[in-house]
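Notes to accompany the following structure.
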Number of protein chains: 2
Amino acid sequence: MSAAQSAVETIQREMTIFARRARASAGRMHPELSLVSYTLLGHLEEEGGCRATDLAAHYALDKSTVSRQVAALERARLIERRLDPEDHRVQVLHLTEAGREILAQVTRSRRAAFRERLAGWPEEDLVRFAAYLERYNAGPGGAGAD
Amino acid sequence: MSAAQSAVETIQREMTIFARRARASAGRMHPELSLVSYTLLGHLEEEGGCRATDLAAHYALDKSTVSRQVAALERARLIERRLDPEDHRVQVLHLTEAGREILAQVTRSRRAAFRERLAGWPEEDLVRFAAYLERYNAGPGGAGAD
DNA sequence: CGTTCTAGTTGTATAGTACAACTTGATGCG
DNA sequence: CGCATCAAGTTGTACTATACAACTAGAACG
């Protein structure tokens, strides 16, 4: 087998290991925010508010799933809904102050975990690894993580 | 922010994106084998048979979870249980011929997906990316993917 | 108008998971 | 030996995330 083929196999194996571990540990590290909730909140922060339908499309989730996640986040007072005055079918979702705080806190703790895991890596390797990951995720067929 | 810090943030973000996508697409691409089942079967193949308790410990799953997964895999005739003659509490799990085939088939299809995604990468980059991933996963605190 | 489209909710079902209680077999101690 | 304790697995129960289908409410367009 060529070096390229064997590298692809390693990438497959290691990405699978990572995905499995992430799945296993996601809920336990941040009980206040599941991986999906974290992602949705992060998206709201980036976008400065968006519709549930946008979240569903962007993350390839069913609108009913998003609806329930959003309902939970609203119950927890992390987001609020504002009726779009232009179109009364639409509810624009916004982070609350509490939501922003929780998001920042979870982001900090995740960042710390990654930093610790990457401690001791030479800067040059960090930069290259980051570039490879971006390239991988941006690759053709946007959704295919598997 | 230093280049190193910004690289760590990128790694965090891209790994999170990957984990979310993997989670979303895992079940859909291989209806015959969930990501966990695939992993368990793969472990059985590597080890050439092991106990349910070993699987639970290795993948940080509850023994009841493994018990049900194993039951499903046995119902599907992908694995079989053999009572350990030394200790009648223990059931040693083995792949069946069908299990080996399904595993090989899913592995092939996953490999094809990765190969397609990585098509066009220079061999040198594949090799380096693979090395970074191995280093990341092998890193301190074995479980922390998050 | 009414038909059709869109945003979102709710009913229902499934998978994966954990925890606790239990069963069965092994081990060890007095 | 015989009883207490430990270990492997199973089963009961509950919860979360998810999808699909049916529905409601509002908008758009002829």
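The table that follows gives values for the structure above.
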item: Residue list for region A:109-126, restricted to those being more than 11 Å from B:Ile11 (Cβ to Cβ), within 7 Å of chain B (Cβ to nearest Cβ) and of a type in the set (A, V, I, L, M); result: A:Ala113
item: Options B:Tyr59, B:Tyr38; residue that is in contact (Cβ under 8 Å) with a residue 40 or more places away in the chain and among the hydroxyl-bearing types (Ser, Thr, Tyr); result: B:Tyr38
item: Search result, residues across region A:70-104 that are within 13 Å of DNA strand C (Cβ to nearest atom) and within 14 Å of chain B (Cβ to nearest Cβ); result: none
item: Which listed residue is over 29 Å from B:Arg135 (Cα atoms), in the same structural domain as A:Glu134 (by TED's automatic domain parsing), in a helix (DSSP H, G or I) and within 11 Å of DNA strand D (Cβ to nearest atom), from A:Ala72, A:Ala98; result: A:Ala72
item: A:Leu93 under 22 Å from B:Arg21 (Cα atoms) and either in the same structural domain as A:Ile11 (by TED's automatic domain parsing) or open to solvent by less than 60 Å² (accessible area, probe 1.4 Å) (or both); result: no
item: Residues located in region B:49-68, provided they are farther than 20 Å from B:His88 by Cβ and in contact with a Leu (Cβ under 8 Å, 6 or more places away or on another chain); result: B:Tyr59, B:Leu61
item: Per-region count, region A:80-109, residues without any contact (Cβ under 8 Å) to a residue 40 or more places away in the chain and of a type in the set (Val, Ile, Thr); result: 2
item: Residue in region A:87-103 that is among the β-branched types (Val, Ile, Thr) and out of contact with any strand residue (DSSP E or B) (no Cβ under 7 Å at 6 or more places or on another chain) present; result: yes
item: Residue within region B:25-39 that is part of a helix (DSSP H, G or I), away from every other protein chain (no Cβ under 11 Å) and either more than 10 Å from DNA strand C (Cβ to nearest atom) or over 14 Å from the mean Cα position of the chain (by Cα) (or both) present; result: no
item: Of residues in region A:55-68 being open to solvent by less than 60 Å² (accessible area, probe 1.4 Å) and more than 6 Å from DNA strand D (Cβ to nearest atom), the one farthest from B:Arg21 (Cα to Cα); result: A:Val66
item: Any chance A:Ser67 is within 11 Å of DNA strand C (Cβ to nearest atom), closer than 18 Å to B:Tyr136 by Cα and part of a helix (DSSP H, G or I); result: no
item: Subset of region B:75-95 (residues that are assigned to a strand (DSSP E or B) and within 8 Å of DNA strand D (Cβ to nearest atom)); result: B:Arg81, B:Gln91, B:Val92, B:Leu93
item: Some residue of region B:48-57 being assigned to a loop (DSSP other than H, G, I, E, B) and away from chain A (no Cβ under 14 Å); result: yes
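The values are calculated or read from the model by the stated rules, or taken from the named source; none is laboratory data. Computed from a predicted model, the values in this text were never measured in an experiment. Cβ atoms come from the backbone with ideal geometry, glycine included; neighbour counts cover every protein chain shown. Heads up: the accessible areas ignore ligands, DNA and RNA and are worked out on the full protein's heavy atoms, side chains in. Shrake-Rupley method; radii C 1.70, N 1.55, O 1.52, S 1.80 Å.
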